[in-house]
Amino acid sequence: MIAADLAVRRIGLLATLAGPAPRTGAAMRDLGLARDAAVAVADGRIAWVGPDAALEATVSLRPGASSLDAGGGAVVPGLVDPHTHLAFAGDRDDEIRRRLAGASYQEIAAEGGGIVRTVEATRAASVEELAGLVSARLDEMLLCGTTTAEVKSGYGLETRAEIRSLEAIRLAAARHPVAVVPTFLGAHEVPREHRRSRSRYVDLLVEEMIPAVAERGLAVFADIFCEKGVFTVEESRRILLAARDRGMKLRIHADELATTGGAELAGELGARSADHLVFVSEKGRRALADASCVATLLPAAAFYLRLGRFAPARALVEAGAPVALASDVNPGGGLSPSLPFAMAIACFSMGLALEEALAAVTVNAAFSLDLHGETGSVEVGKRADLVLLRSPRLLDLVRVGVPAIRTVVKDGRVVVRDGRLVEPRSAPRS
């Protein structure tokens, strides 16, 4: 008998996403579905998956164990958000209203707005203040089914402020059930004080900031905004190679506002993920596929920025690139913490099937963070991260405004019940 401390029973439809990662091509539609299923959990990990009718003959519940009744509803793996910018202070509400009135992202940035506007407020915030803001945003994401999230720095743009942001991310992660993967994004923009000497800021990143972050072990990944008007391909290559030499894995903001060659650079350097890709070229799509570099698409960002187009999700799938989806929570263009909202846009404006969108926020998103051995699917040995829906219809996930999620389980512990956060949420993660 398998000893368990949690059983999830009467699952009408279980999407396991079991199998190899990442998923590409037709495999993105294989959800590993099981009907009338049950899941047993021991010590925060999946201990058994099978028919509900076989649970009692196979699993014994430990003293004090609990049982969750899925009520015939669907269960999916905990959602994984592989691209967020949670570590910021202040807001840019006035800029968003200007954009609604017709101003473009580029126009606002040229006038001194955008990222550098948030830098001012973030530099003024303490570690504790930033950690509180990150935690509050993780709360919002957890209510939407996210159990694992990448969180970037990038609104400090100086050594001390970037270190402070990453320390705040670490502090928030220690207090919150959502598993957090920290990313160093000092190359998010060239700060105002370095605009007349861009090379000086690149030198600062390579010679001071990256070594300081690496020595403190504050980031798993390094990222860069490789974009027209921000960092060139040549600058991006130098910065990313310096980070890789210091033991960080690589991610790239690529081809969001124009075709720059960022996707090709991601393939060349073996980056784990190339993100945005609204203007990715055919050559870039092939480079991502050849390198098994995840194309992480951010539908809500393109929506809120009013770019007038979305990343070519269908073409990326057909090229054989692994595709993931993320929320891109940020103060200027990522206004929704909801991966189901990103899924809805991906399905109805970007050509993905519902099954592909679900794979993109679970197994493929986990692969993009190098966590596919830990989460992203419901398989024995993996973390017990589960999202219980109110109905057996997976389609309810993309019905915007419908409270589709009833319960969220993280590491075998109920953290959302009946659509509400379960207290306490500030206990350090083991």
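Across segment 31-47, which residue is farthest from residue 397 (Cα to Cα) among those that are in a strand (DSSP E or B) and open to solvent by 30 Å² or more (accessible area, probe 1.4 Å)? Checked segment 31-47; the qualifying residue farthest from residue 397 (Cα to Cα) is 45. Across segment 253-265, which residue is nearest to residue 243 (Cα to Cα) among those that are in contact with a Lys or Arg (Cβ under 8 Å, 6 or more places away or on another chain) and free of Cβ contacts under 8 Å to residues at least 40 places away in the same chain? Among those residues, the one meeting the criterion is 265.
When 87, 47, 53 are screened for being at pLDDT 95 or above and in contact with a Ser or Thr (Cβ under 7 Å, 6 or more places away or on another chain), only 87 passes. Every test in (1) more than 23 Å from residue 109 (Cβ to Cβ); (2) in contact (Cβ under 8 Å) with a residue 60 or more places away in the chain; (3) of a type outside the set (A, V, I, L, M); (4) surrounded by fewer than 24 Cβ atoms within 10 Å (Cβ to Cβ) is passed by residue 191 save one, and that test is (1). Residues considered: 306, 285, 390. Of these, the only one that is without any contact (Cβ under 8 Å) to a residue 40 or more places away in the chain and open to solvent by 10 Å² or more (accessible area, probe 1.4 Å) is 285. The set of residues in segment 309-329 that are in a loop (DSSP other than H, G, I, E, B) and surrounded by fewer than 24 Cβ atoms within 10 Å (Cβ to Cβ) comprises 309, 310, 312, 320. Screening residue 199 on (1) within 25 Å of the chain's Cα centre (by Cα); (2) open to solvent by 10 Å² or more (accessible area, probe 1.4 Å) shows it passes everything except condition (1).
Within segment 196-213, residues that are within 17 Å of residue 234 (Cα to Cα) reach partners that are surrounded by 14 or more Cβ atoms within 10 Å (Cβ to Cβ) and modelled with pLDDT of 95 or more with beta carbons closer than 6 Å, at six or more positions or on different chains, in the pairs 202/235; 205/186; 205/187; 205/239; 206/242.
Among the residues of segment 298-308, is there at least one that is on the phi < 0 side of the Ramachandran plot and charged (D, E, K, R)? No, that holds for no residue.
Regarding residue 3, is this residue touching a residue at least 12 places away in the same chain (Cβ under 8 Å) and not in a loop (DSSP other than H, G, I, E, B)? Full working, then the answer.
Values: touching a residue at least 12 places away in the same chain (Cβ under 8 Å): yes; not in a loop (DSSP other than H, G, I, E, B): yes.
Yes.
Scanning segment 268-290 for residues that are in contact with a Gly (Cβ under 9 Å, 6 or more places away or on another chain), farther than 29 Å from residue 212 by Cβ and not polar (S, T, N, Q) yields a count of 10. Among the residues examined, residue 337 does not qualify as touching an Asp or Glu at 6+ places or on another chain (Cβ under 6 Å) and over 23 Å from residue 272 (Cα atoms). Selection of segment 341-378 for residues being touching a strand residue (DSSP E or B) at 6+ places or on another chain (Cβ under 6 Å) and open to solvent by 40 Å² or more (accessible area, probe 1.4 Å) yields only 374.
The values are calculated or read from the model by the stated rules, or taken from the named source; none is laboratory data. As the structure is a computational prediction, the values presented were derived from the model and not from experiment. Cβ coordinates were reconstructed from backbone atoms using ideal geometry, including for glycine residues, and neighbour counts include every protein chain displayed. Areas reflect the complete protein model, heavy atoms only, side chains present, ligands, DNA and RNA absent. Shrake-Rupley method; radii C 1.70, N 1.55, O 1.52, S 1.80 Å.
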